[in-house]
1. Which of the peptides 220-226, 380-386 is most tightly packed, and how do the rest follow, going by the mean number of other Cβ atoms within 10 Å of each residue?
2. Mind putting a number on the dipole of region 250-300 about its Cα centre? Charges go on the C-beta only, +1 for Lys and Arg and -1 for Asp and Glu, and I need it in Debye to the nearest 20.
3. FRET efficiency for ASP255 and GLU302, Cβ-Cβ distance as r, R0 = 25 Å, nearest 0.05?
4. Whose amide H sits under 5 Å from the amide H of VAL127, counting only residues 5 or more places off or on another chain, with H placed in the peptide plane?
5. Taking 25 Å as R0, compute the FRET efficiency from the Cβ-Cβ separation of THR107 and ALA357 and round it to 0.05.
6. Can you give me the P(r) profile for region 223-442? Cα pairs, bins 5 angstrom wide beginning at 0, each as a whole percent.
7. Zone of ALA435 (label point 7 Å along Cα→Cβ, backbone N under 20 Å): which residues in region 390-409?
8. State the three equivalent ellipsoid semi-axes of region 124-220, derived from the C-alpha gyration tensor as the square roots of 5 times its eigenvalues, in descending order and whole Å.
Amino acid sequence: MGHTPAPDAPRLTVIGTGYLGATHAACMAYLGYEVLGVDIDERKIAMLSAGELPFFEPGLPELLTKALASGRLRFTTSFAEAGEFGDVHFVCVGTPQTAGSPAADLTYVDAAVAALAPHLRRRALVVGKSTVPVGTASRLTSLLRELAPAGDEVELAWNPEFLREGFAVDDTLTPDRLVFGVASEWARRRLRDAFAPVIAEGVPVKETDLATAELVKVAANAFLATKISYINAMAEICETTGADVRDLADALAYDARIGGRFLQPGLGFGGGCLPKDIRAFAHRAEELGVGRAVAFLHDMDEINHRRRVRAVDLVREIVGGSLQGVRVAAFGAAFKPNSDDIRDAPALAVSRTLHRAGAKVRIFDPAALDNARRAHPELGYGENALDVARDADVVLLLTEWTEFREIDPEVVGGVVTHRRVLDTRHALDPIRWQAAGWEYRALGRPAHV
Ligand SMILES: NC(=O)c1ccc[n+]([C@@H]2O[C@H](COP(=O)([O-])OP(=O)(O)OC[C@H]3O[C@@H](n4cnc5c(N)ncnc54)[C@H](O)[C@@H]3O)[C@@H](O)[C@H]2O)c1
Ligand SMILES: O=c1ccn([C@@H]2O[C@H](COP(=O)(O)OP(=O)(O)O[C@H]3O[C@H](CO)[C@@H](O)[C@H](O)[C@H]3O)[C@@H](O)[C@H]2O)c(=O)[nH]1
């Protein structure tokens, strides 16, 4: 904790202490600020106060411990305490997809602002970090001014967050950029005060209006989702022409204008962000009468979904027909490696479909096993990769954890019934697996690879 707070540094609250908020709170305390984390979930607050992280994120437990020990980080469920304590309040609550609709569910954001506002009795800045449909900030500004005793003294800004799970600490301490959506010079300066140590490291700051800041976030996620779906669309073409999407992607990536990042073909995107964000963006554009501008996002969503369908079809092909009674070893449940997050996880979607088709699926994941078990008790689970591979008719690599990449095909081969593997993430070395007598298949690659 080598950072010294500036004497006039604002005191921060972080409302919503999930993947984003807990990371933000611990990192800001690490950077020298006095921080109060606020959540309505008492269990979460008790855990965080005791230095226990309620989710898996590399590097964050250590940072949380240090931040608590410094005395600069505390947690509470009291909005009165938050209003009394904070000069700058970051709103980090969830904005999931609404059940039965593509729209973002804004009830948590509205509730958080409505709970905080009555306790804002002096000049304060409320900063939205949650991902929201454009126009939300303008609506929340009116709500704040109506409910806050300090009235016009309370301002709203938008500071969208771009961190990736698995890299959340680094992405928070050294982000690619900061985006500040502000409506006044005072708000602009206050936000700069709240990020002074990050800005001092040379991180670029883009200052803009509230609507643009809201849009930057969904535009970025829509672009990333489109890039992934683009290469997966090419995988579909490869599958019908006998071409190899792995070689295609590698060849495209040499062109610096295209680049190889987010061009990994495979089972497609999942998680608590990209899927729901592209749906909410398309929906919001339709509400605004400009749906045609981003109508392609519906196609991106469908391409993404078809990868999951294709993976199941390929399992059928590999086992030669019916899935009834087929024993499947599923390596992975999390939506990506280095995370325990199973929100819209492609891996679990495939396992669930196979289970519904009569297969006997057993899953192992290094971090997401408990979450998967809780959410899908109907599926089978094992304590390690070898355990779930025992007597399997086919092995599926669904989440590309390093542990799975490095697994010895000879050792796995010793416990399965049939040496057949489907690599949905292009994470295994086909030559090594084939040399060990495995029939190796991968999405978007010809059977002989
Ligand atoms: N997870 C990420 O990597 C990430 C990255 C960038 C942006 N975002 C965005 O950040 C937001 C939060 O995402 P998350 O993944 O951290 O979600 P999450 O579900 O992990 O956390 C949300 C937290 O908000 C709390 N909460 C709900 N209502 C509340 C209220 N009224 N008052 C106080 N707390 C309340 C919940 O109890 C929960 O702890 C979303 O808008 C998401 O799109 C997430
Ligand atoms: O080339 C690729 C890259 C990613 N994925 C998949 O795409 C999903 C999303 O991956 P990633 O973007 O790394 O994870 P998130 O933590 O969801 O982060 C995204 O969503 C966050 C929440 O909005 C943003 O802050 C981040 O910038 C944005 O990358 C995962 O299922 C990956 O397996 C691919 O299939 N191919």
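1. Values: 220-226: 18.9, 380-386: 16.1.
Top to bottom by mean Cβ count within 10 Å: 220-226, 380-386.
2. Details: 6 positive and 6 negative charges, 22 e Å.
In debye, rounded to 20, region 250-300 gives about 100.
3. On the way: r = 27 Å, r/R0 = 1.06.
Here the calculated transfer efficiency is 0.40.
4. Correct list: HIS89, PHE90, VAL91, ALA157.
5. Details: r = 36 Å, r/R0 = 1.43.
The calculated FRET efficiency here is 0.10.
6. 1, 7, 14, 18, 19, 17, 11, 6, 3, 1, 1, 0
7. Counting only backbone N, you get 403-409.
8. Numbers: eigenvalues 110, 48, 25 Å².
Those come to 23, 16, 11 Å.
The values are calculated or read from the model by the stated rules, or taken from the named source; none is laboratory data. Predicted model, so just to flag it, every value in this text is computed and none were measured. Because the Cβ atoms are built from the backbone with ideal geometry, glycine has one as well, and the counts that use them run over all protein chains shown. Just so you know, the surface numbers come from the protein's heavy atoms only, side chains and all, with ligands and any DNA or RNA stripped out. Shrake-Rupley method; radii C 1.70, N 1.55, O 1.52, S 1.80 Å.
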